[in-house]
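Below is one structure, written out as structure tokens; comments come after it.
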Amino acid sequence: MTLRKSLFFTALFSLLVAGCGLEGDTSEFPKNPDDVRKERVGKLTGEDGILLSGSEKKGDEGNNPLGVNSFLWRATLDTLAFMPLASADPFGGVVLTDWYEDPKARGERFKVNALILDRQLRADSVKVRMFKQKQDEKTKQWLDQTVDDATNRKLEDAILTRARQLRVAQLGY
């Protein structure tokens, strides 16, 4: 009788397990080493790697592995190329330049912080903040100066214009 009960419960348990089914849940299936590594540490560059030239699909500029719009990212780097870069983070959308002193205007230097805020190519997706310093002729120390908001907007407009040019070039118009 105990053998019968044992077989009965084994059969019942087998039916219950088979009846549950996994229906798309593959978390218990054997995995290859790459899948295990991706689950453990993730993939820094997204599923398809880094794509700096925009998306592969036309008209889908916001769908890329970067955290920001790739056209705005490239346009920001192109526009600020004359200044030395201190930091550039394509995933966070932050570009920080180091101080730049124009050889034609000695005693005056500039620094720019640019933030790309969105994956869409829109006018409000980029924010630029410029800093200016003048050197005191007597003490030779750098003193902070105010920068007009119009200057920041002009730099934002230059970045947006370059981003549009890159977008049009990719679409082949």
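A short reminder: the numbers here are calculations on the coordinates, not readings from a lab. Nothing here was measured: the structure is a model prediction, and the numbers come from that model.
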What shape does the stretch 96-173 take by its C-alpha gyration tensor, where a ≥ b ≥ c are the square roots of the eigenvalues and a/c under 1.5 counts as rounded, a/b above b/c as prolate, and the rest as oblate? prolate
Taking θ as phi - 60°, what are the ³J(HN,Hα) couplings along the stretch 161-171 by the Karplus curve (6.51, -1.76, 1.60), each to the nearest whole Hz, with x for Gly and Pro? 5, 5, 5, 5, 4, 5, 5, 5, 4, 5, 6
Please turn the phi angles of the stretch 73-89 into ³J(HN,Hα) values with the Karplus equation 6.51 cos²θ - 1.76 cosθ + 1.60 (θ = phi - 60°), one per residue in order, whole Hz, x for glycine and proline. 4, 5, 5, 5, 5, 5, 5, 9, 5, 6, 9, x, 7, 8, 7, 9, 10
Would you mind checking which residues have amide H under 5 Å from residue 118's amide H? H placed 1.01 Å from N; only 5 or more apart, or other chain. 69
